[in-house]
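The values are calculated or read from the model by the stated rules, or taken from the named source; none is laboratory data. Note that the structure is a prediction, hence the values are computed from the model and not measured. Quick reminder, even Gly has a Cβ in these numbers, built from the backbone with ideal geometry, and neighbours come from all protein chains shown. Calculation scope for accessible area: heavy atoms of the full protein, side chains included, ligands and nucleic acids excluded. Shrake-Rupley method; radii C 1.70, N 1.55, O 1.52, S 1.80 Å.
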Amino acid sequence: MTFQRARTEEQREIRRRAILDMASAMLDEMPVAAVTLNELSRRVGLAKPNVLRYFESREAVLLELLDHFLQEWLTELAGELAAGIDENLPMAERAAAVAEILSRSLSGRVVLCDLFGAQGSVLEHNVSVEVVARYKRASLDRLTTMTALIQEHLPELGENATPFSLQTMVMAGALSAYSTPPPSLQAAYQAEPDLARFHMELKDSLKLALTATLLGVLPRR
């Protein structure tokens, strides 16, 4: 696509949306680490300096996408939890159901988990204080939303619902790296099947981690 120079706020917003949409499409094709500003500029039909008029860096683009994907997930998660948890079940059974739903839901969102994994080590670097502070403020709102969802179905968690919600996102990002090995590692696993013990299926490994965490912080009765 090609663009004429943006002269109004509406036109500028169209450019921003086009950049975000293209970056999102690229993430469907490749991991976060492979998304470059040069390739994004080429695909969106803007010179790199022009892309930088709308986003100060590649990381700023991806942080905004991460917040967007997180909002989408939390909206869907509310329905999944409401439909999948019987409030009359004992606490331990509700905890198991929460872990199952979270792991199933997150494992179906590979791009979101990949962005979670890159957040602290990559995406929050090469951005200004203004950009990262804006993102963190939005993240606090998302964390509050997720905490309320978890507390609705597991009120016994109390204040532990907040660190559990945060740890869920962190674990999803960390474990996703082991569930999508690069081509060289896949070849090594095929050549030496015993090495494949290091490969983790995201849903199963995340469910185990979340279940263990929940059972560890829930009150003993």
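Quick look at the numbers
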quantity: Full-extension gain in nm, Glu39 to Val129, via 0.36 nm per residue minus C-alpha separation; calculated: 29.8 nm
quantity: Packing-based ranking, highest mean first, of 185-196, 110-121 given that Cβ atoms within 10 Å are counted; calculated: 110-121, 185-196
quantity: Per residue accessible area in Å² of the chain, where ligands, DNA and RNA are left out and the probe is 1.4 Å; calculated: 54 Å²
quantity: Taking the chain and dividing mean pair separation by its residue count, relative contact order in percent (alpha carbons under 8 Å, at least six apart); calculated: 22 percent
quantity: With every protein chain in place, the chain: carbon and sulfur % of accessible area (1.4 Å); calculated: 55 percent
quantity: Tilt relative to the chain, helix 58-84 - C-alpha long axis, 0 to 90 degrees, to 10; calculated: 30 degrees
quantity: Rounded to 10°, Cα long-axis angle of helix 129-153 versus longest principal axis of the chain; calculated: 30 degrees
quantity: Leu140-Ala174 pseudo-label distance in nm [points 7 Å out on the Cα-to-Cβ vector]; calculated: 2.5 nm
quantity: On Cα atoms only, tilt of 9-27 relative to the major axis of the chain in degrees; calculated: 60 degrees
quantity: Derived scalar couplings ³J(HN,Hα) [segment 41-46; Karplus, 6.51 cos²θ - 1.76 cosθ + 1.60; whole Hz; x for Gly, Pro]; calculated: 4, 4, 5, 7, x, 10
